[in-house]
Amino acid sequence: CSTSPRVSCFPSSSSDRIVCGPCPPGYVGDGITCSAVDGDICSTNNGGCSPDATCIANTAISARFRQCRCNDGFTGSGEGSQGCQRIISSNCANNPCQHGASCISYSHHGTTDFYCLCPSDYTGRYCENQANLCQSNPCQNGGRCTNNHGVYYCECSEEYMGVNCEQNRATCGGELDAPAGVLSFPTTNSSNTYANNVTCVWVIQNGQQSTKVLNVTFTRFKMEQSPGCAFDYLEIFDGPSREYRNLGKFCGQKFLPKGGNIITSFNSIYLKFRSDPSISHEGFSLTWNTIDPLCGGLIMNRTTGIIESPGYPHHYPANRDCHWEIIADFGKRIQFIFTDLDIEPSPNCTFDYLIIRESLFRLPSSIRTLNSKADSVNIIARYCNWTATPEQSAPPPITTSGSFARVHFHSDPGIHSRGFHLVFNQIPGVCGGILTGSSGIFQSPSTAYTTTTGRTFLTYQNNIVCDWLIRVMPNERISLSFLSFSLESDSTVLRPRNRSGLCTFDYVEIYDGESFESPLRARLCGRIIPPEIISTGRFLRVKFRSDMSVALRELNGKIESPNYPAPSLLSKNCTYQINVPIDHVIEFTVEQMDIEFDHRCMFDYLMVQGQRYCGQTPPPPFYSMNNELKIYYVNDESKPSKGFRGSYRSVEIGCGGVLKQGEPMIAISAERLITSSIVNQCFWEIRANKSHLVMLKFFHTEIPNRIPQDELQQRFSIDRSTNCYDHYIMVNDSDGSLIKKFCVEQLPPPITSTGSILFVTYVLNVTQSNQEFDLVYSNSTNVTKLTTAIPTTTISSIQSALNRMMLRSFYATYHFVPVRSFCDKNIFKNVGVIRSPRYPRRYQGNRNCTWIIHVDNGLQIHLNFTEFRLEPASEVNSRCYDYLEIRNGRRPDSPLIGQFCGFGPIPDIVSHSNYLFLRFISDPSMQNKGFEVYYEAMATGCGGTMTAESGSIESPGFPDHYISNMNCEWKIRVAEGSIIVAYLVTLDMERTNADKVCEFDYLELFDNDNGNEAKKSLGKFCNHIEGSRPVIKTTGNKMFIHFVTDVSINQGGFKLNYRTDCNQTLIGRYGVIESPNYPDPHPHNLNCMWHILAPLGNNITIAFTQLVLETNVDCKFDYINISEVIRPHQYRLTDAHLLILNEPYTTKTKMTLCGNYTGSLPPMIRTGQN
């Protein structure tokens, strides 16, 4: 019978002949041969429909698709000669039809009956049975049918598409490589519509011009409209694959994608078209041509916006120069907030870089060019050696002093990184404006402090620019007179002057005209009140600029208890709070005191820094920890007393202070501590709002040296050893608990608070024998004690010497991150818990969270999961969309432990060293409850067991120096029947003499992992490897690795990679063979061959204990083939070394297997030879 189209055949009941069925609709013939008729399927025999039905063909779906619709007055399916019955109006008694079916009465040959008009997903006389539309297997070409409530779907193979998998998929999609062209789908702009249930992918590129971009213009776009483009859509990516930036999903027909025009960031664009099984439209048409790249531009009249590198978040293209000029409103400033920054590192910014410049006024058009390097544009930030990592995700915010800024991004032809993404906002200026009155007063944003002697001192804000324009009537002039004047002058700080002369740091400039291009009349600083200035016209422009340094140089005052010195007859509870500028501390001295005495000072007392004082003996002077000090006085009126009198003064120490969210942000630095005459340490308290956390990042800096090292050691005791007793930084959490104490020589990665406060203490003990200093710190609710006794002569000599010494110091930046959205963190505590965002509620989509656990040296980390519920992996390719990634180390490329998704349980995990890297990724779709994992440090040393098919091992802390006295052991065990191939990627250890065999620090590899058996050494390594990396192979499936360090020199350590080699000759009477990575899923693209050689005269029996492979037709994809080798010469076991595997031989296939044999294993296989 005919096979195309397919015709059923039946055996004849009266003879041995075969009887062929009728040809299907659309064909004519005797069943043995069937020929297509002219016209559509309805042209012949009404398409197989009832005579009382109308046949409707739809060639857009397929040539054989048709619907049978009963004519008016008839009802039924319409299929076949009896498919339509005449409707007789009658009531159905008791409505016997189920599941919402309609009851229809009819008359047939004089007999009245009824039938049920069932919903599409039910069948049977009474609609009592749920329909199975897949029973007839409507899916063609190997498609898989799925029945779902009266609708079936066909899951097609990669080669086919369409409702029934009847179309070849090659009819859509492909790579288009040309400088210009046209793309239409469907290919004509006629009434044809695109097919249903198809997926097409196009990549348009200009491969000959990699530095150009594409200009894409849509000329037609009509698709099914749906919320979120859930049904039919065109998805566009700015690059050659889905890994690049997603420009959006587009559907409907009212609007063209992106307004009809798209200019790419690269020389390619990726388009994905998808249609569902229902409605179809005319599709789309576009043209493209190649143009030169453009980026940057003028941004004005916008309070906020986004600037990002071309192609972000994918790697930016080569040879780009982008310039943005941002102009804020008059009197406003511009704040830049980085959300991501990843630029190719380069010395001196010679490769790729990002530069932000601020201008005190907009550049004149004569010099405002794309490559302008005018001196009036100051560089406030330059990035060329910054790489965004989980340790340092982005730089702190940057705020301009004025209303104008320029951003310049450059990339060279070499290496490219992810680029940058920053948000800019206009923020209010702190001062300035237009003054039009005939007279008036204006001042710098400052606070006045008056002492008992009548002197007044001003403290103004740091890092601000104020801009005033004074305008009077024509023919009038302006007289400008200063009532008070006190600014920082060049002589008050030890910093080099610039070439322009005096007033380098804080100053007032006066321009005789309307703009900053007018003649400069004066540039003023210091404490001398300037003379009167009279304009030559109706305008004066006044600009005030302060830098990042301290504005106040002197502040003092008196504090007295109420009614002092008369006795107080009323109860009092007084609080005095003293605030001085940042980088200052407060010296408070109790001059006189008469307070009711008792041994515990329980009733009347003066309390300073948590300590109570009473009686008539004043305590020694107090020094605050930072620029704030609270003093409490309590009097209960039981016994009248005079109270107290005290004095305070502000002392500049160059560091320390209380830094609050909402105030101008400054860099934390101890560089100026060396000029201090009071303390040898600095204390900062960083306060965020309750809804934010504090993130702190450290950087190194150096102070110049002008004193010989031997003289320095004779004068001062500075401990530079690793114990950090005299030169260290201490960071405490919001509750006062210690997060990390570290040497200044070894700064930590970024530290984030668990609450809204972070404490930072910097200690530099530079002391002589007659000098004492003692400080005890805890949080603000506990006692804080500070005592000092430093003779004045000692202070002078120390300060003189300190001004000439050199120390490696630091600076730190901080910024405030929202609690709800922030999830990147370095963790330094030895015990804790990590939870997914919003746990136990569902986590959000599109999250990328990183946790790096650092515990003490010599410890390992134990992870214990109490709950784990993420989006399950794909059933098609086992890909995890939401997952938790865990790595042995602290870097994103550290050795991978595993990538976990779905529902737990997750087994306990023990790290190989004192670091673990955890990263949580979620996509935009399905979310779940998340995870909770507890961790603790374990005193088990270092090392571990590796069972993966391939992997890597690093020395603890790699690539940083390993620590002393380590003894680490790793065991590698791969699948039976395979061997291990390892090679050293990096080796940097303490050097040893050539005649010595690695007597200090070394790495040794053994051909076994069992400590109770003799282990054969495969090599002992310590010195740097020159030339090619050695390849180390085991004889079996086990390897033992031993890493030892001594007490002295430490270096960068090692990194070792290994893999499984599954192409082996197995010799012996018995053995085991496992697929790589067994019992876990094997990797893709494997090609393993095992050659088994038994003793001569024996045969070989193979028995499976488990076999689970991909199920596929004819075992074309994943399979195992077992063949008997027939050689012209037989080999004995003793002659195995003479065996030439590639010599000519023939094979006899015994069996080829694939699929899942969990239920019943394959039979045993036996060969005829050895």
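Quick notes on this structure:
- Potential lengthening of the chain between H862 and D113 amounts to 262.1 nm, from the contour at 0.36 nm per residue minus the alpha-carbon distance.
- Relative to the current alpha-carbon distance between I306 and N1087, full extension at 0.36 nm per residue lengthens the span by 276.2 nm.
- Pairwise label distance in nanometres, T1065 with K740, each label 7 Å out on the Cα-Cβ vector: 5.5 nm
- Spin-label model distance (nm) - N830 vs K1016, 7 Å beyond Cα toward Cβ: 4.3 nm
- Positive-pole candidate from S911, V974, P837, dipole of segment 825-1061, charges at beta carbon: P837
- Distance between the 7 Å Cα→Cβ label points at E517 and I529: 3.7 nm.
- Scoring 256-266, 296-306 by mean Cβ neighbours within 10 Å over their residues and listing the highest first yields 256-266, 296-306.
- Three-way shape label, segment 816-882, alpha-carbon gyration tensor, a/c 1.5: oblate
- Look at where the Cα atoms of segment 565-603 and of segment 392-416 average out, and the two centres are 50 Å apart.
- FRET efficiency, 1/(1 + (r/R0)^6) with R0 41 Å, evaluated for V985 and D121 via beta carbons: 0.10
- Annotation: amide H-H contacts under 5 Å for Q253 (H modelled 1.01 Å from N, sequence separation of 5 or more, or interchain): M223.
- Calculated FRET efficiency, Y1157 to Q225, Cβ-Cβ distance, R0 = 60 Å: about 0.75 to the nearest 0.05.
- Using the Cβ-Cβ distance between D340 and E128 with R0 = 60 Å, the FRET efficiency computed as 1/(1 + (r/R0)^6) comes to roughly 0.50.
- In this structure the amide hydrogen of L1018, modeled in the peptide plane, comes within under 5 Å of the amide hydrogens of L1005, F1006, D1007, none closer than 5 places in sequence on its chain.
- Surrounding net charge for E936, when Lys and Arg each add one and Asp and Glu each subtract one, Cβ distance under 15 Å: -2
- Segment H961-A381, extension gain: residue separation times 0.36 nm, minus the distance between their alpha carbons: 205.6 nm
Bear in mind these aren't lab numbers, they're just calculated from the coordinates by the rules spelled out. The model shown is predicted, which means the values in this text are computed figures rather than measured ones. With ideal geometry, Cβ positions are generated from the backbone for all residues, glycine too; neighbour counts draw on all protein chains shown.
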